[in-house]
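First the structure, in the form of structure tokens, and then the observations on it.
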Amino acid sequence: MIPMPLRLPLAGLVLASSLAGCASAPVARGPGPQSLAAELHRGIPPEAPEQCAGTVDVSGSSRWFSSLCAKDLTPEMILSLQRALAARGNYEGAPDGRPGARTDAAVLAYQSARGLPSATLSTRAAQQMGLIPWRD
């Protein structure tokens, strides 16, 4: 019997930019805008237990944005985040899955370039990098 090649449907195949060797431009994986500034809100952030928020000062006024909660930032998530940031040229060094100054600086660089000057990882940035699914 002649072995047949394995064929996978293309719709289920996702190539990460790190695997493709292309780290020049991030690819959004959902309908959201590339700019994170559109995610800034005025007023008081929601107090739902499953939703967390970061804050940033914009033109003298405090704004909030949806962010990942501390419980979601597991070593596996941080490792994936570091790899995604490295693939985009924002993280230097070997990813280790531990939070720290290099990770904070990389998140700040990634988000600042998109209009959100914060080292707190926004939900939208995590979605853009393919770390969490799009919810809206």
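Quick rundown of the values:
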read-out	value
Candidates Ser59, Ser118 - the one that is at pLDDT 90 or above and either over 11 Å from the mean Cα position of the chain (by Cα) or not basic (Lys, Arg) (or both)	Ser118
Within region 96-123, tally of residues that are within 18 Å of Thr74 (Cα to Cα), open to solvent by less than 50 Å² (accessible area, probe 1.4 Å) and not β-branched (Val, Ile, Thr)	6
Cβ-Cβ under 9 Å pairs, at least 6 apart or on other chains, region 56-79 side without any contact (Cβ under 8 Å) to a residue 60 or more places away in the chain, far side part of a helix (DSSP H, G or I) and open to solvent by 30 Å² or more (accessible area, probe 1.4 Å)	Val58/Ala37; Phe65/Glu39; Ser66/Glu39
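The values are calculated or read from the model by the stated rules, or taken from the named source; none is laboratory data. Just so we're clear, the structure is a prediction, and the values are computed from it rather than from any experiment. Cβ atoms come from the backbone with ideal geometry, glycine included; neighbour counts cover every protein chain shown. These accessible areas exclude ligands, DNA and RNA; they are computed on the full protein's heavy atoms, side chains included. Shrake-Rupley method; radii C 1.70, N 1.55, O 1.52, S 1.80 Å.
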